[in-house]
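See below for the structure under consideration.
Read-outs throughout are calculated quantities, based only on the coordinates presented, and are distinct from any laboratory measurement. What you are looking at is a predicted structure, and each value in this text was computed from that prediction instead of being measured. Neighbour counts run over all protein chains shown; Cβ positions are idealised from the backbone, glycine included.
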Amino acid sequence: MADDALCWMPAADLATAIARRRVSPVEVVNAVLDRIGRLKDLNAYCLVDADGARKAARAAERLAMKRGAKLGPLHGVPFSVKDLVITRGVRTTFGTPLYRDHVPEEDAPSVARLKAAGAIMLGKTNTPTFGWVGVTDNLLFGPTRNPWSRDHTPGGSSGGAGAAAAAGLGPLHIGTDGGGSIRKPAAWCGIFGLKPSYGRVALHPHGAAWSLSHAGPMTRTVKDAALMLDAMAGPDERDQYSLPAGGVDHVKAQGGSLKGLRVAYSATLGGIAPAVDPEIRAATAKAARELRSFGCRVEEVEPAWPSPYEPWRATFYGGIATRLLPYLDRKSEIDAGLLSIVEEVRGWPPTRYVQAWFDRLAWWQHPRAFFEKYDLLLSPAVACPPLRIGELFATEIAGVKVGREAGSAFTFPFNLTGQPAASVPCGFTKAGLPIGLQIVGRRFADATVLRASAAIERARPWSATRPADG
């Protein structure tokens, strides 16, 4: 099998081929490492642990050759880890020079679970400092580029993971999402990304915006994401907010029926998104209607919700800024845009964070009531196409001047609620840039979100459409 063919094989197929001794873990890891080296210009990986990956691959190969050996469901399959997620013995910088030499002594729960399932870690993917912005750039490693257009960002803050998945630099990627950081790069890179229910995948240590952040899979297929979720999900005593094991087989669940589900499509979330690019609006509305052919009742709805941006901003930026306050004597090592936020937060009254919690709890009543009627809410994942390298956020969408919240208007509300939400590829702009459809489920209904995502994937397959190598 040609080396690049191995790079594009789904994790599910790789795991089967390895278990049947048709493919060697060493072959797979070497093929992906070679491709990472050839596509360094993307800057998707900020650290590649080639020696560690090859050592693990050789051990996986020896085990696979033993007759009767019990192999994990992801035995020999490569994965990457966002540089906000700790990895034992492998540098984790959180995207900042302040932690350039930080080497953790333990794995985060998601990393440990994938390794226990037999997967092989390739390295760390790039991220902005503490995931503070929806593009991927930092003072330590520089910008990550979108495989579909090197002049554009893959989004953020899991932009390195999004670029890696889209470019065939491994089939499985751990991302995190505090305001859209899995879903935005998934949309802008033309891959699948799932923000599971809050607590479904245990976190340790929690990030600065701990109550908003979710860890989840970023992959080229829905089935691979379900495989990843099955491996990563479950409680961990280091995370007191992690959910009990649900006993759900997400791989089997994503093939279930959708008949009778009540589905709402909203183009603006009732105005929370002040403007939406016309191409994105048209593509996502068309994709939402595809669910009718699977027996869903789909209707267009604009919920009358006020914007929850203020409590989200106070919680998200307040947490990151508080973490950076001890480093204000090293201002040259903090991104200029982030430094201004740190300075602002330093002047906030202590009651602002508490008030954000009150406002957040009150706002939950709006989607709670909405999801009593609907099983799923569909919308654009991002209101605008990918930004150019160097831009931090959109200032104008569809001819309308917008604030920085507009680019994440569809995503951050569901970090406040903790609901499962995914971004599914649903087309391209005339300029050839990917568009993502967001699918939001009821609390804890991860399986329903995966089922709907798999249906969209069957209706309009995307994994065979790949960006040029440059």
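Counting Lys and Arg as +1 and Asp and Glu as -1 over every other residue whose Cβ lies under 10 Å from the Cβ of residue 204, the net charge comes to -4. Between 394, 370, 322, the Cα set farthest toward the positive side of the dipole of the range 308-425 (charges on each charged residue's Cβ, about the Cα centre) is that of 322. Ranked from largest, the principal axis spans of the Cα set of the range 198-324 equal 44, 38, 25 Å.
Diffusion coefficient (Stokes-Einstein, Kirkwood radius over C-alpha pairs, 25 °C, 0.890 mPa s) for the chain: 112 µm²/s, rounded to a whole number.
With both residues required to sit in the chain, DSSP beta bridges show an antiparallel share near 65%. Tally Lys/Arg at +1 and Asp/Glu at -1 over every other residue whose Cβ is under 13 Å from the Cβ of residue 270; what's the total? After counting each charged neighbour, the total is -2.
Sorting 250, 75, 366 from the fewest to the most surrounding beta carbons within 10 angstrom yields 366, 75, 250.
Taking the Cβ of residue 18 as the center, what net charge do the other residues with Cβ under 14 Å away carry, scoring Lys and Arg +1 and Asp and Glu -1? Kindly include the intermediate steps, with their values, before the conclusion.
Numbers: positive: 20, 21, 22, 58, 62, 66, 70; negative: 13, 27, 61.
Taking every Cβ under 14 Å from that of residue 18, the sum is +4.
Based on DSSP H segments of at least four residues, each scored -39500 (n - 2.57), the chain has a per-residue ellipticity at 222 nm of -10000 deg cm²/dmol.
Listed from fewest to most Cβ neighbours within 10 Å, the set 302, 279 follows the order 302, 279.
Among the trypsin sites (Lys or Arg not before Pro) in the range 418-469, those located in a DSSP loop and surrounded by at most 13 other Cβ atoms within 10 Å of their own Cβ are 430. Using only alpha carbon pairs under 8 Å that are at least six residues apart, calculate the relative contact order of the range 3-253 and give it in whole percent. 18 percent. Using the Karplus relation 6.51 cos²θ - 1.76 cosθ + 1.60 with θ = phi - 60°, the per-residue 3J(HN,Hα) values for the range 76-93 come to x, 8, x, 8, 10, 10, 4, 6, 9, 10, 6, 9, 5, x, 10, 3, 10, 9 Hz, with x marking Gly and Pro. Applying both filters, DSSP loop and at most 10 other Cβ atoms within 10 Å, to the GluC sites (Glu not before Pro) of the range 14-113 gives 105. So for the range 77-124, considering every pair of alpha-carbon atoms, how many percent are separated by more than 17 Å? Counting every Cα pair in the range 77-124, those more than 17 Å apart make up 27 percent.
Amide H contacts for residue 79 (H built 1.01 Å from N in the peptide plane; partners 5 or more residues away or on another chain; cut-off under 5 Å): 120, 121, 122.
Normalised radius of gyration for the range 310-372, please: alpha carbon Rg relative to 2.2 N^0.38 Å, two decimal places.
On the way: Rg = 14.9 Å, N = 63, 2.2 N^0.38 = 10.6 Å.
After normalising by residue count via 2.2 N^0.38 Å, the value is 1.40.
Taking neighbour Cβ counts within 10 Å as the exposure measure, how do 429, 125 sort from fewest upward?
Values: 429 17, 125 33.
Result, fewest neighbours first: 429, 125.
For the range 209-226, 3J(HN,Hα) computed residue by residue from phi via the Karplus equation (6.51, -1.76, 1.60; θ = phi - 60°) reads 9, 4, 7, 10, 8, 10, 9, x, x, 10, 8, 8, 9, 5, 4, 4, 5, 5 Hz, glycine and proline entered as x. Close amide H pairs (under 5 Å, H built 1.01 Å from N) link residue 296 with 260, residues at least 5 positions away or on another chain. Considering only alpha-carbon pairs that sit under 8 angstrom and 6 or more positions apart, the relative contact order computed for the range 309-358 is 61 percent. Projecting the Cα positions of 217, 148, 163 onto the charge dipole of the range 148-259 (unit charges on Cβ atoms of Lys, Arg, Asp and Glu, taken about the Cα centre) puts 148 furthest along the positive direction. Size descriptors for the range 3-253, from the alpha-carbon set: Rg then Dmax equal 16.5, 50 Å.
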